2 protein chains.
Amino acid sequence: MVVLMDGKKLSQKFQISLLSQTTYLKEHGIVPTLAVLVVGNDLASQIYFRSKKKLANKLGVNVHDRLLPENSSEQDIIKIIQNYNEDPLVHGILVELPLPKHLDEKKVIESISPAKDVDGFHPYNIGSLFMNDPGPIPCTPAGIMALFNEYHIQLAGKQVVIVGRSNIVGRPLAAMLLNADATVTIAHSKTVDLEEVTKKADILIVSIGQPEMITAKYIKPGAVIIDVGINRLSNGETVGDVNQNDVKKAADYLTPVPGGVGPMTSVMLMKQTIGFAAKELKI
Amino acid sequence: MVVLMDGKKLSQKFQISLLSQTTYLKEHGIVPTLAVLVVGNDLASQIYFRSKKKLANKLGVNVHDRLLPENSSEQDIIKIIQNYNEDPLVHGILVELPLPKHLDEKKVIESISPAKDVDGFHPYNIGSLFMNDPGPIPCTPAGIMALFNEYHIQLAGKQVVIVGRSNIVGRPLAAMLLNADATVTIAHSKTVDLEEVTKKADILIVSIGQPEMITAKYIKPGAVIIDVGINRLSNGETVGDVNQNDVKKAADYLTPVPGGVGPMTSVMLMKQTIGFAAKELKI
């Protein structure tokens with residue numbers, strides 16, 4: 001029988017712990033504060049931002065939101081970020097992506113102080129992670145690592161295959177798993193004979209944005225399957241990158257969609273923000 | 001018949017091109033200049049430094065050398081680096097590693113301006129490479145990529161296995177190969193059943209510091225084998241991490257030791273220094 005790795009439940013467990021932490025911090029005069037910049041009218045950005053704000057409120061994290069017009073200049077945005085960098089009352093800064101096309105995303109992200117880079121996307125932080133000296137880390141991979149930990153999935157010496165090489169999931173997750181002593185393979189759209197590669201995996205992580213592409217024939221019986229995909233179909237249904245009904249029969253562990261990896265990301269963001277704030281505690 | 005990938009010959013080819021570049025730059029008033037800090041009495045550091053200096057002289061690269069005592073403070077070293085960062089006549093800066101134990105290597109490396117980081121070890125540069133937006137890159141992996149290019153080894157879609165996950169070879173090389181569309185696996189000392197992993201490799205790169213550990217049984221017939229190891233045996237012989245005589249029978253391509261990867265590293269360092277200097281050219 002497959003074990004469904006319940007990200008919703010684990011997220012709630014984290015929330016209880018985080019709420020107690022923010023309460024404690026506030027008793028010591030520290031209000032964990034996250035600054036969020038939303039530029040333009042991208043619908044997905046607006047939705048993600050509102051959901052983060054709701055969770056922050058619930059956990060006692062203060063949010064400074066700056067909703068900036070579509071035609072904002074790079075200079076204006078970087079100026080605002082620099083003010084947050086210097087503001088001792090702001091612990092974490094994030095910029096909702098994607099940015100409008102006239103803006104250089106990398107330049108904007110790089111203007112965030114690495115110590116306040118709560119998304120973990122600054123090249124300095126990605127480099128430190130890759131060199132096994134991690135500081136702030138990206139939240140989706142962090143959530144996946146928390147699920148492994150919760151379900152006592154051993155990583156050292158395991159064959160892990162990651163399908164998808166994005167900067168926000170596949171690549172940083174590869175670094176985290178390598179740092180955890182797994183043997184790590186990164187496959188992607190240019191991989192020849194994907195099935196042969198994924199069938200070797202004790203642990204298979206799929207983050208490709210292809211609805212239900214990974215079926216049972218791609219997996220090794222007894223594998224751990226992490227489905228990072230969130231694909232909205234025209235019929236309104238949300239499905240993963242894995243064909244869950246098919247894979248369920250062969251896998252030992254599987255993250256459902258929805259309710260697996262998804263709920264972990266924003267709670268890891270709050271965890272990291274609160275962690276930044278906790279550095280102010282003097283014991 | 002195995003093709004031996006001749007790093008000595010390729011290095012000489014690069015040297016001819018680089019000498020013409022420095023000559024051209026000097027005619028335009030630009031003298032490519034590399035600052036090298038050697039701290040303490042580590043014998044290997046001294047040897048590497050002298051060999052770099054010799055090559056630099058040959059290619060018309062000016063070297064500022066600072067030989068600092070074993071007991072130098074972090075503060076003193078960082079001060080010197082900061083002066084070089086601000087000196088418009090210095091294009092590249094490198095610190096010979098390892099540093100004496102009382103010094104924080106990461107802190108020292110991070111004080112080098114990323115734009116002058118000729119070794120490509122700054123976390124910002126490692127992060128940019130990992131995010132497929134490379135600036136300065138580490139020289140040993142750069143030399144290996146040059147060998148692939150010279151021998152027309154196709155990388156896209158190939159199964160590449162790297163054995164060894166060091167910050168100066170295995171990890172950055174994984175990023176470069178992933179950026180070149182290879183399917184990349186990183187194996188290491190904690191990998192279970194290494195032979196099973198390496199036998200899948202169309203291209204196998206070994207950087208583990210274990211004299212002649214990789215024999216024919218580890219490789220797929222017809223594979224490309226890159227031997228990064230330089231092991232000095234007690235009988236004075238230098239051997240790689242690959243048992244060359246054994247592997248020769250099965251591989252299609254093989255880097256010899258010595259004369260394969262080794263000669264490429266320092267020439268790539270000069271190439272990168274001269275590249276930094278060439279940015280001053282106004283055309």
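Throughout, read-outs are computed from the coordinates displayed, never taken from laboratory work. What you see is a predicted model; the values in this text were computed from it and never measured. FYI the Cβ positions are ideal-geometry reconstructions off the backbone, even for glycines, and counts take in every protein chain you see.
Quick notes
- Among the numbered conditions (1) away from chain B (no Cβ under 12 Å); (2) in contact with an Asp or Glu (Cβ under 8 Å, 6 or more places away or on another chain); (3) closer than 27 Å to B:Gln154 by Cβ, the only one that A:Ala216 does not meet is (3).
- Boolean, B:Leu103 is within 14 Å of another protein chain (Cβ to nearest Cβ), surrounded by 14 or more Cβ atoms within 10 Å (Cβ to Cβ) and more than 17 Å from B:Gly275 (Cα to Cα): no
- Qualifying positions in the range B:59-87 - closer than 21 Å to B:Lys271 by Cβ and exposed (fewer than 13 other Cβ atoms within 10 Å of the Cβ): none
- Of everything listed in (1) within 20 Å of B:Gly92 (Cα to Cα); (2) touching a residue at least 24 places away in the same chain (Cβ under 8 Å); (3) of a type in the set (Gly, Ala, Ser), the single unmet condition for B:Ser17 is (2).
- Which numbered condition A:Gly260 fails, given (1) surrounded by 23 or more Cβ atoms within 10 Å (Cβ to Cβ); (2) assigned to a loop (DSSP other than H, G, I, E, B); (3) more than 15 Å from the chain's Cα centre (by Cα): (3)
- Flag: B:Ser234 does not match the condition of being small (Gly, Ala, Ser), within 14 Å of chain A (Cβ to nearest Cβ) and not in a helix (DSSP H, G or I).
- For the range A:206-219, taking the residues that are assigned to a loop (DSSP other than H, G, I, E, B) and in contact with a Ser or Thr (Cβ under 7 Å, 6 or more places away or on another chain), the one that is farthest from A:Leu173 (Cα to Cα) is identified as A:Ile219.
- Which listed residue is more than 13 Å from chain A (Cβ to nearest Cβ) and either of a type outside the set (Lys, Arg) or touching a residue at least 12 places away in the same chain (Cβ under 8 Å) (or both), from B:Ile137, B:Ile109, B:Ile144, B:Ile126: B:Ile144
- Filter pass, B:Ile214 being farther than 15 Å from B:Leu4 by Cα and buried (at least 21 other Cβ atoms within 10 Å of the Cβ): yes
- Any hit, the range A:17-31, residues being touching an Asp or Glu at 6+ places or on another chain (Cβ under 6 Å), over 30 Å from A:Asp227 (Cα atoms) and surrounded by 13 or more Cβ atoms within 10 Å (Cβ to Cβ): yes
- Answer from B:Met131, B:Met176 - the residue that is closer than 22 Å to A:Ser189 by Cα and within 9 Å of another protein chain (Cβ to nearest Cβ): B:Met131
- If you go through the range A:143-176 and pick out every residue that is in contact with a strand residue (DSSP E or B) (Cβ under 9 Å, 6 or more places away or on another chain) and either under 17 Å from B:Met131 (Cα atoms) or of a type in the set (S, T, N, Q) (or both), you end up with 11.
- Of the residues examined, B:Lys116 is one that is of a type outside the set (A, V, I, L, M) and either within 26 Å of B:Leu177 (Cα to Cα) or within 14 Å of another protein chain (Cβ to nearest Cβ) (or both).
- Test: B:Gly222 is in a loop (DSSP other than H, G, I, E, B) and either touching a residue at least 60 places away in the same chain (Cβ under 8 Å) or crowded, with 24+ Cβ neighbours inside 10 Å (or both): no
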